[in-house]
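The block underneath contains the structure these notes are about, expressed in structure tokens.
The values are calculated or read from the model by the stated rules, or taken from the named source; none is laboratory data. Since this is a predicted model, take the numbers as computed values, not measurements. Cβ sites come from the backbone with ideal geometry, for glycine too, and all protein chains shown count toward neighbours. Please note that ligands, DNA and RNA were not included when accessible areas were found on the heavy atoms of the full protein model with its side chains. Shrake-Rupley method; radii C 1.70, N 1.55, O 1.52, S 1.80 Å.
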Amino acid sequence: MHLLQNLVQMTGQRDHLRLELSVLSTFLQLPHITNVRALELLKLGDQYWVRPRTWYDAGQLVAAEQDFANDAQRFPLQALPHLQACIAHKAQQAQHSDAHQHTIWLPVWMHEQVHVCIEITQSEPFNTHNLDVITGVFNVYQNYQSLLDYSERDALTDLLNRKTFDEHLLRFASAVSMQTEIQPWLAVIDIDHFKLVNDRFGHLFGDEVLILVANLLRSAFGPRHRIFRFGGEEFVVLMPPMTKESAQASLEAFRAMVARHDFPQVGQVTVSVGFAGAKLCSPVEILGQADQALYYAKEHGRNRVCHFESLQDQGLLGGSQVSHADVELF
């Protein structure tokens, strides 16, 4: 009965992290289990790294507070050879036992990739009944993760949609470094003259441009970035902590990548970009600042990247405030 109650609670979650904590709590109700962790996997450079994202500590479940790259608890995937082999062979699980404990790893496969793995350790060897219960709970969790992921994606581009933005931004903003020159960044990207593309070539070619721009965004920005389609021809990128120079260089490289790309039938397409520091303030304020920079880029030639604070320091923004709904200029 307790297991069923936990499953009901688990499937009532509407957030990936809360769902993750809920499934770990459910596993802790099972007999013989001594520890549970959700491990996050990320490729940094040429190597895959792992870190505990949520885990059981001193009688309670806790979540990591650090950004992945700055987390001192991260370690190379090769430190868990059984999990490494499991992922390399696209297997559903891996096990390892020694004289003191027995561990099973259950990777969460989504889009043929693994970004999260559930690790369960218990004091007794895994038997058939034990494994059936564990894999049954895990399958419910994995299916529900897929449903949540589907609900958070834009149907056309498969990027994150706008309704997930606030929560992601708050997590990024909380990762502000002690070094004042290093912080997360928010960039608003708008396709120039997109209405003309639709009017001249039709909405099917317009949709293809959106899909291709989304693919270029995925190519230009790594797994530590979060990319959203905000609707229409507008995209938002949340960038992890870095210097302003690094953020601008990355955005300039993306702008140039789009300008070089040959879009079928349409030919050349360009984008304008406004970006601002994602400090600890409200999503509306941060978006408003990036929007003002985007508005300036649109008004001063398009196909350019503008930084809010730099424009402000130069006195180029005046006293005008631009709302997020006002930046779509054609």
message: Heavy atoms of the protein only, probe of 1.4 Å, neighbouring chains included. What is the accessible area of Leu170 in Å², nearest 10?
response: 100
task: Summarise the accessible area of the chain (1.4 Å probe, protein heavy atoms) by the percent that is carbon and sulfur.
output: 51
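To the nearest 20 debye, what charge dipole does segment 33-91 have about its Cα centre, counting +1 at the Cβ of each Lys and Arg and -1 at the Cβ of each Asp and Glu?
With only Lys, Arg, Asp and Glu charged at Cβ, the dipole is about 220 debye.
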Kyte-Doolittle mean at least -1.0 and Cα axial length at least 15 Å: DSSP H helices in the chain: 16-28, 128-151, 203-220, 244-260, 283-299
field: Inter-probe distance in nm under a simple model that places probes 7 Å from Cα toward Cβ, at Asn139 and Ser246
entry: 4.3
- line: Across Arg218, Arg153, Arg200, the residue with the highest GNM fluctuation in the chain (Cα network, 10 Å cutoff) is Arg200
message: Compute the distance from the alpha-carbon center of segment 153-174 to that of segment 66-115, in whole Å.
response: 26
field: From the coordinates shown, Cα extents along the principal axes in Å corresponds to which of (1) 69, 45, 38; (2) 74, 51, 35; (3) 69, 50, 36
entry: (1)
message: How much accessible area per residue does the chain have, counting only protein heavy atoms and a probe of 1.4 Å, in square angstrom?
response: 49
- line: Given a Förster distance of 25 Å, the FRET efficiency implied by the Cβ-Cβ spacing of Leu316 and Ala256, rounded to the nearest 0.05, works out to 0.65
- prompt: If you add up the charges near Ser282, with Lys and Arg at +1 and Asp and Glu at -1, over every other residue whose beta carbon is less than 14 angstrom from its beta carbon, what do you get?
  reply: -3
task: Give me the net charge of Ala259's neighbourhood, meaning all other residues with Cβ under 15 Å from the Cβ of Ala259; Lys, Arg count +1, Asp, Glu -1.
output: 0
query: Which of Ala259, Ala63, Ala88 moves most in a GNM of the chain, Cα contacts under 10 Å?
result: Ala88
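Once you charge only the Cβ atoms, +1 for Lys and Arg and -1 for Asp and Glu, what is the size of the charge dipole of segment 110-232 about its Cα centre, to the nearest 20 debye?
It comes to approximately 320 debye.
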statement: If one builds a Gaussian network model of the chain from Cα atoms under 10 Å apart, the most fluctuating residue listed among Leu238, Leu156, Leu21 is Leu156
message: Report the gain in length on full extension from His203 to Gln113: 0.36 nm times residue separation, minus Cα-Cα distance, nm rounded to one decimal.
response: 29.2 nm
field: Dipole magnitude of the chain, debye to nearest 20 (Cβ charges: Lys/Arg +1, Asp/Glu -1, about Cα centre)
entry: 220
